[in-house]
Structures are given as structure tokens and as C-alpha cells.
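Enquirer: First the structure, then my questions, so here it is.
The values are calculated or read from the model by the stated rules, or taken from the named source; none is laboratory data. Keep in mind it's a predicted model, so treat the numbers as computed, not measured. Note: ideal-geometry Cβ built from the backbone for every residue, glycine included; neighbour counts use all protein chains shown.
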Amino acid sequence: MDINQVKVSNEWGVPNQFVISINSMGTYFQSYESIIAVKNPDGTFLDINKWDYSVTTGKYRNKFLGEDKKTTEKKIESGEYKLIDLNN
């Protein structure tokens with residue numbers, strides 16, 4: 001992978017909340033040391049253990065996904081979003 005394909009941003013100007021874009025692999029939301037969500041051509045994936053870890057994580061997860069928690073929960077229930085282990 002070419003390092004120029006990787007972009008890390010602190011889109012919201014707060015510590016420990018990052019969006020990581022990798023051209024061929026999608027866009028990741030990282031809170032502190034944990035990947036919380038991934039959007040890529042295969043769909044949207046949330047970490048099964050950490051997607052709803054804290055109020056702060058939830059606030060920035062919502063911004064990353066562009067929706068509120070209730071909408072995210074409906075998409076998980078419908079299977080539109082998949083819960084997987086993103087941190088192992």
C-alpha cells in the first residue's frame with residue numbers, strides 16, 4: 001500500500017477521535033485506540049464490542065455515520081449494518 005493513499009484527520013477538532021481514509025479499503029472511525037466503525041464498498045461495519053462504548057464515542061460515531069443512535073440501531077437490526085470484531 002502506498003502511504004499517500006492513507007489520510008488521517010481529526011475532523012471534529014477534539015482529541016482522540018479520528019477518521020482514517022484508505023483509498024482501496026474505505027473509511028474508518030477510530031476513538032482512542034479502538035476502531036468503532038468502517039464504511040467501505042462492502043457495507044458499513046461496527047465493532048461488536050465498542051460501537052456503543054460511551055457517550056463520547058457515540059457522539060462522534062453518530063457524526064461519522066451521519067445519523068442518530070436510534071437510526072443506527074434500526075440498521076443493525078435490519079442487517080444493513082454488520083456487527084463484527086474490528087479490533088482483533
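Enquirer: What's the number of the only condition in (1) at pLDDT below 95; (2) in a loop (DSSP other than H, G, I, E, B); (3) not acidic (Asp, Glu) that Asn4 fails to meet?
Expert: Evaluating Asn4 over (1) at pLDDT below 95; (2) in a loop (DSSP other than H, G, I, E, B); (3) not acidic (Asp, Glu) leaves (2) as the failure.
Enquirer: Contact list please: Cβ distance under 9 Å, first residue in the range 62-88 and of a type in the set (Lys, Arg), second residue assigned to a strand (DSSP E or B), pairs at least six apart or on different chains.
Expert: Sorted first by the residue in the range 62-88, then by its partner, the pairs are Lys63/Gln17; Lys63/Phe29; Lys75/Thr44; Lys75/Tyr81; Lys82/Gly43; Lys82/Thr44; Lys82/Phe45; Lys82/Leu46.
Enquirer: Out of the range 40-52, which residues are over 12 Å from the mean Cα position of the chain (by Cα) and under 12 Å from Leu86 (Cβ atoms)? Quick ask: steps written out before the conclusion?
Expert: Quick first cut of the range 40-52, residues over 12 Å from the mean Cα position of the chain (by Cα) only: 41-42, 49.
Result: Asn49, single match.
Enquirer: Also, I was wondering about something else. So, Thr27, is that one among the hydroxyl-bearing types (Ser, Thr, Tyr) and in contact with a Leu (Cβ under 7 Å, 6 or more places away or on another chain) or not?
Expert: Numbers: among the hydroxyl-bearing types (Ser, Thr, Tyr): yes; in contact with a Leu (Cβ under 7 Å, 6 or more places away or on another chain): no.
Taking the combined requirement at face value, the residue does not satisfy it.
Enquirer: Follow-up question, since we're still on this one. Would you check if Phe18 is without any contact (Cβ under 8 Å) to a residue 40 or more places away in the chain and not charged (D, E, K, R)? Before the answer, list the steps.
Expert: On the way: without any contact (Cβ under 8 Å) to a residue 40 or more places away in the chain: yes; not charged (D, E, K, R): yes.
Yes.
Enquirer: For the range 21-72, which positions are surrounded by 13 or more Cβ atoms within 10 Å (Cβ to Cβ), among the charged types (D, E, K, R) and part of a helix (DSSP H, G or I)?
Expert: Answer for the range 21-72, where residues must be surrounded by 13 or more Cβ atoms within 10 Å (Cβ to Cβ), among the charged types (D, E, K, R) and part of a helix (DSSP H, G or I): Lys59, Arg61, Lys63, Lys69.
Enquirer: For the range 6-14, indicate whether the set of residues that are of a type in the set (Val, Ile, Thr) and either surrounded by 14 or more Cβ atoms within 10 Å (Cβ to Cβ) or in contact with a Pro (Cβ under 9 Å, 6 or more places away or on another chain) (or both) is non-empty. Write out each step before concluding.
Expert: Going residue by residue through the range 6-14, those that are of a type in the set (Val, Ile, Thr) are 6, 8, 14.
With either surrounded by 14 or more Cβ atoms within 10 Å (Cβ to Cβ) or in contact with a Pro (Cβ under 9 Å, 6 or more places away or on another chain) (or both) added as a condition, the list becomes none.
No, the range 6-14 contains no residue that is of a type in the set (Val, Ile, Thr) and either surrounded by 14 or more Cβ atoms within 10 Å (Cβ to Cβ) or in contact with a Pro (Cβ under 9 Å, 6 or more places away or on another chain) (or both).
Enquirer: Out of (1) assigned to a strand (DSSP E or B); (2) buried (at least 16 other Cβ atoms within 10 Å of the Cβ); (3) among the basic types (Lys, Arg), what's the single condition that is false for Lys82?
Expert: The one condition Lys82 does not meet is (2).
Enquirer: Would you be able to tell me the number of residues in the range 7-27 that are at pLDDT 90 or above and over 19 Å from Asp42 (Cβ atoms)?
Expert: The first filter runs over the range 7-27 and keeps only residues at pLDDT 90 or above, leaving 7-10, 12-22, 26-27.
In the following step, the residues that additionally are over 19 Å from Asp42 (Cβ atoms) were identified as 7-10, 12-18.
The number of residues fulfilling the criteria is 11.
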